[in-house]
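As structure tokens, the structure follows; a few thoughts come after it.
Derivation of every value follows stated rules applied to the coordinates shown; laboratory data play no part. Please read these numbers as outputs of a predicted model, since none were measured by experiment. So basically every Cβ, Gly included, is an ideal-geometry build from the backbone, and we count neighbours across all protein chains shown.
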Amino acid sequence: MTSAEMKAAILHHLVYTQGKDAVTAKTYDWRMALSYAVRDKIVDRWFEATRRAYAEKRKRVYYLSLEFLIGRLLKDAIINMRLEESVLDALKDLGIEWEEIIEDEPDAALGNGGLGRLAACFMESQATLGLPAMGYGIRYENGLFRQRFEDGRQVEEPEDWLNQAHAWEFARPEVSIDIGFGGHVQEIGSRANWYPSEVLIARAHDTPVIGWKGRWGNTLRLWEARPMHGFDLARFNRGDHTAAAEPEAMARTLSRVLYPDDHTEQGKELRLKQEFFHTAASIRDILRRFESEYDDLRLLPKKAAIQINDTHPAIAGPELVRILHDERGIDFEEAVGIARNTISYTNHTLLPEALETWGEARMGRLLPRHMQLIDRIDDLHRRETGTHDLNAHHDGKVHMGTLGFIMAHKVNGVAALHTELMKSTVFKDLHELHPEKIVNETNGVTPRRWLLSCNPRLSSLITDSIGDNWVDHAEDLKKLEPFTEDAGWIEKFTAAKHANKVDLSNWIAETLEISVDPDSIFDIQVKRIHEYKRQHMNLLETIAYWLEIRDNPNAGWTPRVKIFGGKAFPNYIYAKEMVHLANDMAKVMNSDPLTSRFLKVVFPPNYNVSLAERLIPAADLSEQISTAGKEASGTGNMKFSLNGALTIGTLDGANVEIRELVGAENFFLFGMTAEEVMTHRAEAGHAARAIAADPRLARALETIRSGGFSPEEPGRYHMITDNLTHHDYFMVCSDFTDYWRAQRDVDAAFADKAEWARVAALNTARTGWFSSDRTIRGYMRDVWDVEAAPLVDLAAE
Ligand code: F58
């Protein structure tokens, strides 16, 4: 497409779709016009891919996920369609700022963190590989809350990404599916009729997901909840105006928010309803498509693979059995077999508090038939395996992990260590019964968004050096290795990183009014705030460093900028205290005349996908410091390495594999192993001993305790200090000393600029394996048994 054609397309949409002219158009209008112009190009490719999937009778993959953290879509679409040049020229011609347009798009934050972002990377990789696939999610009206700080405290505000029209979706009112809840069951022999007492409608909205070079496109289908009977005119005419709108409001509640607070009974109920709503609508849709092509349901596992992203859609098993058995008349055991061979389940956590369970009373009330079927599935599994105590339904609850396991033909972990821990801990007994079921599929990230798009300077250097094949064959980045020995090339690499750091410094100055020196170490920890991720250990190290500088301000310290980003769950008080502490520390330290040349603390609010794209390319040091055994994989860790940051980290999640690939000598390792953590935890008084043995740690804790960062309220952080001193389940104190040591190794290494840059470049060269293309190929081979369609290159046409 030429720039003239692009310009004409933009102007066309500005007038005929947006209903504005160039004189009155606002940034929003220009963004929408550009989005439609780009979308037009995508739609043809998308239709073609869809038609091919049908014509070639291909097996499809269905990715069921309550979360898709997709972020902004415009730039991604432009880059994958290779339209940057024509768009940039056209915008220039129209006198419109590219940056301003890109920044105007709201972040679609339909997810909490890693799990949701993984789903988004998978969608992009599936499209890039030409794998016929469809993502199913919920179209939350309000995605993840927006985070603001008020006196350093996190305040949550609703996110309203749908406030403006969303350029990328197509409403599909004709795809409307009834979803029932409650009511009663009438059994007829082995089968049953379910008569729900409440019915909602799931309405589809489709977003095309286009792969690299526009060679293939798939669909992300998001369900919106609608009332069965809309507005009640009779009631309204009787004067009961509010009540007339009630059904609508009730239904809307269901797809209103991502992850409702489940500390209340109503919250729990809503979450379970969301899960069933999402899953039931998706299963119906999958079967409708299947039955339009084939007339034998026994073929289902050959033609469809259903992946459930954690246990949130794990009701898929019983729901599929219910339809096959109750509605289609297939024998119960055969129905279970078909469902199992179609479904597979990904586990993302071993934290006991995060393993989902539902009370039998609630489940029995909302999903009476499913409750019966779960018992029959348990019964069948007992007979198959000769066991009697491995039920999904026990102790008054339905354990969704067990249900997911029993109803899947494959269960996967998301990094090598995590998968091994699944086998030896939570799923130990089930694994012994089904030794072939658990497989590992180490996570990955899409190199299109997480290198090509977010880091244009480094990407250009890479492409100038080895060509652009790396973009969809990221293992090609290995070809950069010889360049890392070339001083001239390393200078260019350093220049790219430095320019990224200058950009970030300017942004920090403009938005947060903090001045940072781009020559400092940019040390970044961005992720959800959680005790197991140990942001507080990083904070303690920051305090200890600050105190040391204060003791001796002229000792030639290595300057650091400590950057934090992340949201705390609104009801997770401890995590919110961590956020508050970081902000209180920033206030004190950034204005300390003795130390501020050497140390700054920066915590931009509202960490999201777009902010990650801004921060990661500018990082020198990536903080991956979770208690070993707790972080299933991590994916931020991969993004940092790929963008040429060094990692300071524990042997946890995918850190283990990152270290193997980049080389142990190029990784700042510290801390206990998962095994050591388990033994050490059992030793009473571990925290007190660790504090007694390390005066730096003791002093840092004491500084917090005595109100060093909250003079107006000295006891403010007693929750954190008490917990660390007496309990410290996550081993912050016991790992602190080694963490401090590793941080000083970082200082020493940073002193040799050229050597640091060489190692940073090696990180980029050696982490191509973490492309989500590789992950998806793994699932295709080990889990889905499916092949991609041969692709035609747009550029070659
Ligand atoms: C994350 N889980 C893991 N859960 O913590 C991380 O190690 C892994 O890399 C990532 O999945 C992808 O496999 C995660 O993000 C959630 O966000 C939950 C969603 C449901 C509500 C509670 C949080």
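I want the antiparallel fraction of DSSP beta bridges within the chain, as a percent rounded to 5. Show your work: numbers first, answer last.
Working: 37 of 81 bridges.
In the chain, approximately 45 percent of DSSP beta bridges are antiparallel ones.
Could you sort the peptides 63-69, 177-183 by per-residue average Cβ neighbour count (10 Å cutoff), highest mean leading? Before the final figure, lay out each step's value.
Values: 63-69: 26.9, 177-183: 17.6.
Taking the mean over residues of other Cβ atoms within 10 Å, the ranking is 63-69, 177-183.
What is the ratio of the Cα radius of gyration of the chain to 2.2 N^0.38 Å, where N is its residue count, to two decimals? Please report the intermediate quantities before stating the final value.
On the way: Rg = 26.9 Å, N = 797, 2.2 N^0.38 = 27.9 Å.
For the chain, the normalised Cα radius of gyration comes out at 0.97.
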Remind me, relative contact order of the chain in percent, using alpha carbon pairs under 8 angstrom and six or more residues apart?
-> 13
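Quick one: of 478/753; 268/533; 501/562; 567/630; 75/562; 497/753, which pairs are farther than 24 Å apart, Cα to Cα?
Flagged as over cut-off: 268/533; 75/562.
Which order, highest average first, do 218-224, 641-647 follow once you tally other Cβ atoms within 10 Å for each residue and take the mean per peptide?
Details: 218-224: 24.7, 641-647: 26.3.
Result, highest mean Cβ count within 10 Å first: 641-647, 218-224.
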Calculate the all-directions average of the projected area of region 517-751's alpha-carbon convex hull, and give it in nm².
-> 12.2
Diffing region 132-137: the Karplus 3J(HN,Hα) column from phi (6.51, -1.76, 1.60, θ = phi - 60°), in whole Hz with x for Gly and Pro, holds x, 8, 9, x, 10, x
When we measure straight from the Cα of residue 273, which lysines land under 21 angstrom away, once same-chain ones fewer than 8 places off are left out?
-> 397
Enter the Cα centre distance for the pair region 750-783 and region 365-421, rounded to the nearest angstrom.
-> 36
Checking rank on 25-33, 752-760, with mean other Cβ inside 10 Å and highest first, the result is 25-33, 752-760
